[in-house]
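S.K.: Have a look at this one.
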Amino acid sequence: MKLLLKIWRQKDGSSKGKLVDYPIDHIEGDMSFLEMLDVLNQELIEKGDEPVVFDHDCREGICGTCSLMINGEPHGPDRLITTCQLHMRRFNDGDTIVIEPFRATAFPVLKDLMVDRSAFDRIQQAGGYISVNTSGNTVDANAIPIDKHHADESFEAASCIGCGACVAACKNASAMLFTAAKVSQFALLPQGKVEAIDRVQNMVRQMDLEGFGNCTNTGACEVECPKGISLENIARMNREYLMATVKG
Amino acid sequence: MGILDSKVPSGPLADKWTKHKNDIDLVNPANKRNIDIIMVGTGLAGASAAATLAELGYNVKTFCYQDSPRRAHSIAAQGGINAAKNYQGDGDSPYRLFYDTIKGGDYRSREANVYRLAEESVNIIDQCVAQGVPFAREYGGLLDNRSFGGVLVSRTFYAKGQTGQQLLLGAYAAMNRQINRGKITSYTRHEMLDVVLVDGKARGIIARDLITGEIERHAAHAVVIASGGYGNVFYLSTNAMGSNVTAAWRVHKRGAFFANPCFTQIHPTCIPVSGDHQSKLTLMSESLRNDGRIWVPAKAEDAQAIREGKLKPTKIPEADRDYFLERRYPAFGNLVPRDVASRAAKERCDAGFGVNKTGEAVYLDFAAAIQRYGSEKALTSGIKDPDQETITKLGEEVVEAKYGNLFQMYEKIVDENPYKTPMMIYPAVHYTMGGLWVDYNLQTTIPGCFCTGEANFSDHGANRLGASALMQGLADGYFVLPYTIGDYLSDDIRTGPISTESEAFDKAEAEVRANLEKLLNAKGAHPVDYYHKKLGKIMWNKCGMSRNATELKEAIEEISALRADFYENVRIPGGLNEMNTELEKAGRVADFLELGELFAKDALERNESCGGHFREEYQTPEGEALRDDKNFRYVAAWEYKGAPKDAKLHKEDLVFENVELKTRSYK
Ligand SMILES: Cc1cc2nc3c(=O)[nH]c(=O)nc-3n(C[C@H](O)[C@H](O)[C@H](O)COP(=O)(O)OP(=O)(O)OC[C@H]3O[C@@H](n4cnc5c(N)ncnc54)[C@H](O)[C@@H]3O)c2cc1C
Ligand code: SF4
Ligand code: FES
């Protein structure tokens, strides 16, 4: 396969970036998208150029490190997968592929395609936990039965990998889907109810402080989320938040 | 051998840990505030320990190379975590978990450590549930369990195919609570490049900020290494791209012994290599072996026709298939432990029966399971005389409910539908049992430097059982280290803050800088990956699933030559004082190039076969591993002496007072 790549190159956070053309050849369908970038980088290094920097680690869709806007879509054209799970057989000989970083004020570019998503960490530090000490002296794990439906729903919310595609997909760069998933995971469990009011208030406050945009219910986040996190979580967080405001 | 004192407490096995906890010195809460601890790594082992130490009152700094602690490689664990809860009432107990682990490790681990692990396993589940980890549950609201290979009870707790992510999010949440309280400072995108010793004690680290390239000094009263495994020495493995040995290796070079480097786990069910571009391998969970049957064609000409694309596996009649695990191991069949299953697959492929283009794949077939489940389902749904199509459809639904996400992952990567045609699998490097040598307190041979999780050598002997690594990481971090480190730190309550302005820090920083500059100055012809791939090939071909003295000696020579070439001819664009991902990789590969040689040396020295270490010279007439308890019942702990070939061997004799050493048989 022969392709034309148009890749965002930016030296660092304070420099201006631009799209640069890279023709590439001998790409096979069995390669993953990131392996295709590996091939490009080897060529660049051999020529004495600097390789394209992009974030990645597990390369199996679970760590949430990889990102990339591929032809305008976070994690590329397929649904329910991350960029590292995308394979080149999805493209055709002669295609042009535009590759850019996730864009949001709260996700500043560090270099080329790599952005800073530490805002997500700070949202979770603001309250994304249950305040229990790790002493080992908690009650037996089966002392509190949890109805399977809620346990499964909590799991679904907890399967968010913190990749940031929801923010990149949103025209307002809102982090509602991410924050809602994190709030929901705890809100659905008896152990998480105790601190529910403080948690939702603190996390939402931090989300706003980080400069994410407002949610206008476009639903783009749900479509692009590689883990299928549902908009219901946003509704649940809004309810939690409202309740917290009334009670608090 | 005074230097290798394992510090195992005296007394009966079941009482050792409780007794030890009562005997060791504690640090009072007011004094803990004056003590700083550095934690390198935020996987299960690091995050759990960091959170607990901070709760206790210590000041903790955590380091990880990823952009968030939550992305440590523990996140990728799929199958589950063991605990001797005996919720299923099937006769499980800490003793049984202990016994299975010792046997599974082929009698090359320390009894007292393994017993403690089994004992603490029950607390882990309680703790995680209290933190809000959403484990799988039954309809009655109680926790669900599944079984894993090599054991006869159901003791594995899980969260769909994401157990690692859910447990890590739990530990990360506990960390976040302490970050919010100001007790943990988290340094992300930072790589530890050296440990600093002051008066022989670990008192800090040198780290590089991966965004700015700046080299930083961090001081503390103790340093904990929780940096994970070194499977990437093989280039291709199921580990994350960034997984590395650097932190452990630099500590080794400063005096910590490295134990059993050659003990590597090669997992039987991974997606085979598809071409030279391959950057990593993907695991297909062990749970698939509950229902999948492993086979190759019985006739070599069929295998060849398949490789050439002229024959489809579904066209081969039952009589012409060789279900080699069922044939060789009738008692355990497809559920033999990982090392045994991997070797058997390799044996068939080496004999010319492999089934993909490169001849390095075997089938994992669900057709029989689909038919079995389909018939059962038809019966329980009251469908009389179902036709073949209905049975297949119902069966596929059952299989999808159990393994849907794995099947989907397979299809994405291989572009074949595993419901219709058997999966192709091949063994891949997955886990390293070897690591930094630690005593019962998890302290390395450097005072004040501790090591937890996959990075240490302690609990899994020569082969790890499935679902036991997550257990070890969390037991070490939540329940063991927080106690044992106190014993060491109780001497430090009057030490006061450690300064980074000292000769020791100056020297360590200068050395780190010089090393990085040396790499940058090579200005050769080949990218770092070129060398990493070459190293991987040597390791896989000569130090992989089966080893022999001739090839191990060749490997030692080849790796040492490759290392020399690397320093001369590697090409790293960019500079030191900026983000430089090639420079990061180069540092890691430089360390792999040293570790690889020690690995081969260790394998050469161990003249026996045990667990994942199979020496062709030491096997039974049926091709099974032949252990030599008389001469090799020890931990090989290597002391750094310059080049890997000069490393000095220290032995820790393994004493078995509670189990009888037997030949592992799964026949
Ligand atoms: C695909 C896969 C599936 C698995 N499934 C299971 C399972 O089902 N059950 C089970 O029990 N086990 C499983 N395992 C094994 C288990 O996941 C690991 O052994 C375990 O998670 C290791 O945890 P850890 O905390 O020791 O290290 P890791 O989670 O690897 O964490 C290492 C940490 O160290 C940091 N680090 C490394 N080097 C440096 C450095 N130089 N400077 C700074 N920071 C550094 C990293 O950033 C990271 O934070 C699986 C492993 C893999 C690869
Ligand atoms: S909600 Fe989905 S898209 Fe957003 S961070 Fe989580 S996994 Fe990524
Ligand atoms: S690299 Fe881990 S999710 Fe893509």
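The values are calculated or read from the model by the stated rules, or taken from the named source; none is laboratory data. Because the structure is predicted, anything quoted here is derived from the model rather than measured. Please note: Cβ atoms are built from the backbone with ideal geometry, for glycine as well, and neighbour counts cover all protein chains shown. Ligands, DNA and RNA are stripped out before the accessible areas are found, and what is left, the full protein with its side chains, is counted by its heavy atoms. Shrake-Rupley method; radii C 1.70, N 1.55, O 1.52, S 1.80 Å.
S.K.: Give me the accessible area buried between chains B and A, both sides summed, with a 1.4 Å probe, in Å² rounded to the nearest 100.
M.R.: Between B and A, the summed buried area is about 6200 Å².
S.K.: What number comes out for accessible area per residue over the range A:16-87 if the probe is 1.4 Å? Units Å², please.
M.R.: The answer is 35 Å² per residue.
S.K.: Please give the solvent-accessible surface of B:PHE135 in Å², to the nearest 10, using a probe radius of 1.4 Å with every protein chain present.
M.R.: Near enough 10 Å² of accessible area.
S.K.: Please work out the FRET efficiency for the pair A:LEU80 and B:ASN417, using the Cβ-Cβ distance as r and a Förster radius of 22 Å; give the result to the nearest 0.05.
M.R.: Efficiency computed from Cβ-Cβ geometry: 0.80.
S.K.: Evaluate the relative contact order of chain A (contact order divided by residue number), counting alpha-carbon pairs under 8 angstrom at least 6 apart; express in whole percent.
M.R.: For chain A, the relative contact order is 19 percent.
S.K.: A further question on this structure: Of B:LYS346/B:LYS420; B:LYS412/B:LYS537; B:LYS534/B:LYS641; B:LYS310/B:LYS384; B:LYS384/B:LYS667, which sit over 28 Å apart, Cα to Cα?
M.R.: With Cα atoms farther than 28 Å apart: B:LYS310/B:LYS384; B:LYS384/B:LYS667.
S.K.: How much solvent-accessible surface does B:ILE211 expose, in Å² to the nearest 10, with a 1.4 Å probe and all protein chains in place?
M.R.: Accessible surface of B:ILE211 is approximately 60 Å².
S.K.: Right, something else. If you take each beta carbon of peptide A:82-95 and count the beta carbons of other chains within 10 angstrom, what is the mean?
M.R.: Rounded to a whole number, the mean comes out at 1.
S.K.: Given the pairs A:LYS47/A:LYS111; A:LYS171/B:LYS280; A:LYS148/A:LYS182, which span a C-alpha to C-alpha distance of over 27 angstrom in this model?
M.R.: A:LYS171/B:LYS280
S.K.: If you rank A:THR83, B:THR188 by how much accessible surface each has, with a 1.4 Å probe, what is the order from largest down?
M.R.: Greatest to least solvent exposure: B:THR188, A:THR83.
S.K.: If each DSSP helix of 4+ residues adds -39,500 (n - 2.57) and the sum is divided by the residues in chain A, what number results at 222 nm, nearest 500 deg cm²/dmol?
M.R.: Helix-only estimate at 222 nm: -10500 deg cm²/dmol.
S.K.: Calculate log10 I(q)/I(0) of the range A:124-176 for q = 0.23, 0.26 Å⁻¹, where I(q) comes from the Debye formula with a single equal point scatterer on each Cα and nothing for solvent.
M.R.: -1.09, -1.15
S.K.: A follow-up question, please. When only the heavy atoms of the protein chains count and the probe is 1.4 Å, how do B:ARG203, A:ARG79, B:ARG307 rank by accessible area, highest first?
M.R.: Listed by decreasing accessible area, they come as A:ARG79, B:ARG307, B:ARG203.
S.K.: Computing the accessible area with a 1.4 Å probe over protein heavy atoms, can you report the carbon and sulfur percentage for the range B:514-617?
M.R.: With neighbouring chains kept in place, the figure for the range B:514-617 is 48 percent.
S.K.: Something else: State the extension gain, in nm to one decimal, for the chain segment bounded by B:LEU26 and B:GLU617, taking 0.36 nm per residue of separation less the distance between their alpha-carbons.
M.R.: Computed gain between B:LEU26 and B:GLU617 is 207.7 nm.
S.K.: At 1.4 Å probe size, with the rest of the protein present, what percent of the exposed accessible area of the range B:269-429 is carbon and sulfur atoms?
M.R.: Exposed carbon and sulfur together represent 51 percent of the surface.
S.K.: Calculate, for chain B, the solvent-accessible area per residue in square angstrom, rolling a 1.4 angstrom probe over the heavy atoms of the protein chains.
M.R.: Counting only protein heavy atoms, the per-residue value for chain B is 34 Å².
S.K.: Could I get the Rg over Rh figure for the protein assembly as shown? Both from C-alpha atoms, Rh via Kirkwood, rounded to two places.
M.R.: 0.94
S.K.: Going highest first, how would you order B:350-362, B:254-266 by mean Cβ packing within 10 Å?
M.R.: B:254-266, B:350-362
S.K.: To check you understand DSSP bridge types, tell me what percent of the beta bridges within chain B (both residues inside) are antiparallel, rounded to 5.
M.R.: 70
S.K.: Which positions within the range A:4-46 get 50 Å² or more of their accessible surface covered by the other protein chains, compared to the chain by itself, with a 1.4 angstrom probe?
M.R.: A:ASP30, A:GLU35, A:GLN42, A:ILE45, A:GLU46
S.K.: Right, next: When DSSP assigns beta bridges and you keep just the ones with both residues in the protein assembly as shown, what percent turn out antiparallel, to the nearest 5?
M.R.: About 70 percent, rounded to the nearest 5.
S.K.: In Å and whole numbers, how far do the C-alpha atoms of the range A:118-247 stretch along each principal axis, longest first?
M.R.: Projected onto its principal axes, the Cα set of the range A:118-247 covers 46, 29, 27 Å.
S.K.: Then there is this: Whole-Hz Karplus ³J(HN,Hα) for the range B:653-660, in order, using 6.51 cos²θ - 1.76 cosθ + 1.60 and θ = phi - 60°, x for Gly and Pro?
M.R.: Values per residue, Gly and Pro as x: 5, 9, 9, 10, 9, 10, 10, 8 Hz.
S.K.: In addition: Over the range A:118-247, average the accessible area per residue using a 1.4 Å probe and give it in Å², no decimals.
M.R.: So the range A:118-247 comes to 41 Å² accessible per residue, rounded to a whole number.
S.K.: Another question, then. What does the charge count around B:ALA72 come to, taking other residues whose C-beta lies under 14 Å from its C-beta (Lys +1, Arg +1, Asp -1, Glu -1)?
M.R.: -2
S.K.: Scan around B:PHE614 for amide H atoms under 5 Å from its own, H built in the peptide plane at 1.01 Å from N, and keep only partners 5 or more places away or cross-chain.
M.R.: Answer set, sorted by chain and number: B:ARG547.
S.K.: Right, next: B:ASN569 to B:ALA510: extension gain in nm, 0.36 nm per residue of separation minus the Cα-Cα distance?
M.R.: Separation in residues times 0.36 nm, less the Cα-Cα distance, equals 18.9 nm.
S.K.: A further question follows. Between B:GLU301 and B:TYR95, with labels modelled 7 Å along Cα→Cβ, what's the label distance in nm to one decimal, could you check?
M.R.: If labels sit at B:GLU301 and B:TYR95, their model points lie 5.9 nm apart.
S.K.: So, one more: With the alpha-carbon atoms as the only input, what is the per residue convex hull volume for the range B:269-429 in Å³?
M.R.: Convex hull of Cα atoms, per residue: 122 Å³.
S.K.: Which lysines have a Cα lying under 22 Å from the Cα of B:LYS648, excluding residues fewer than 8 positions away in the same chain?
M.R.: Here the lysines satisfying the reach criterion relative to B:LYS648 are B:LYS7, B:LYS201, B:LYS253, B:LYS553, B:LYS601, B:LYS630.
S.K.: Considering protein heavy atoms only and a 1.4 Å probe radius, which residues within the range B:141-161 exhibit an accessible-area decrease of no less than 10 Å² in the full assembly relative to the chain by itself?
M.R.: B:GLY141, B:LEU142, B:LEU143, B:LYS160
S.K.: Based on the alpha carbon coordinates of the range B:501-628, what radius of gyration and maximum Cα-Cα distance (Dmax) apply, in Å?
M.R.: Values for the range B:501-628 (Cα only, Rg and Dmax): 18.5, 63 Å.
S.K.: Counting Lys +1, Arg +1, Asp -1, Glu -1, what net charge surrounds B:SER6 among other residues with beta carbon under 11 Å of its beta carbon?
M.R.: Value of the local net charge: -3.
S.K.: Still on this structure: Got a number for carbon plus sulfur as a percent of chain A's accessible area, 1.4 Å probe?
M.R.: In chain A, the share of accessible area belonging to carbon and sulfur is 51 percent.
S.K.: Sort B:THR581, B:THR484 from largest to smallest accessible area, using a 1.4 Å probe on the heavy atoms of the protein chains.
M.R.: B:THR581, B:THR484
S.K.: Per the Cauchy relation, a quarter of the hull surface: what is the mean projected area of the convex hull of the alpha carbons in chain B, in nm²?
M.R.: 29.7
S.K.: Which residues of the range B:51-92 show a drop of at least 30 Å² in accessible area when all protein chains are present, compared with their chain alone (probe radius 1.4 Å, heavy atoms only, ligands and nucleic acids excluded)?
M.R.: B:GLU55, B:ASP67, B:ARG70, B:ARG71, B:ILE75, B:ALA76, B:TYR87
S.K.: Determine the sum of side-chain charges near A:LEU177: Lys and Arg each +1, Asp and Glu each -1, restricted to other residues whose C-beta is under 12 angstrom from that of A:LEU177.
M.R.: Value of the local net charge: 0.
S.K.: Let me have the 222 nm mean residue ellipticity of chain B computed from DSSP H runs of 4+ only, each contributing -39500 (n - 2.57), with the sum over all residues rounded to the nearest 500.
M.R.: So the helix-based figure for chain B works out to -11500 deg cm²/dmol.
S.K.: Using 0.36 nm per residue of separation minus the Cα-Cα distance, give me the extension gain between B:GLU400 and B:SER499 in nm, one decimal.
M.R.: Contour length minus Cα-Cα distance gives 29.8 nm.
S.K.: Also, I was wondering about something else. In whole Å, largest first, what are the principal axis extents of the Cα atoms in the range A:3-111?
M.R.: 37, 34, 23
S.K.: Is the range B:274-342 best put as rounded, prolate or oblate by its Cα gyration tensor, with a ≥ b ≥ c the root eigenvalues, rounded for a/c under 1.5, and otherwise prolate when a/b is larger than b/c, oblate when not?
M.R.: Since a/c reaches 1.5 but b/c is at least a/b, the shape of the range B:274-342 is classed as oblate.
S.K.: Now for a separate question. Mind checking the mean number of beta-carbon atoms from other chains within 10 Å of the Cβ atoms in A:118-131?
M.R.: 6
S.K.: Please identify every one of the GluC sites (Glu not before Pro) in the range B:262-341 that sits in a loop by DSSP and has no more than 14 other beta carbons within 10 Å of its own beta carbon.
M.R.: Those that pass, being in a loop and sparsely packed, are B:GLU308.
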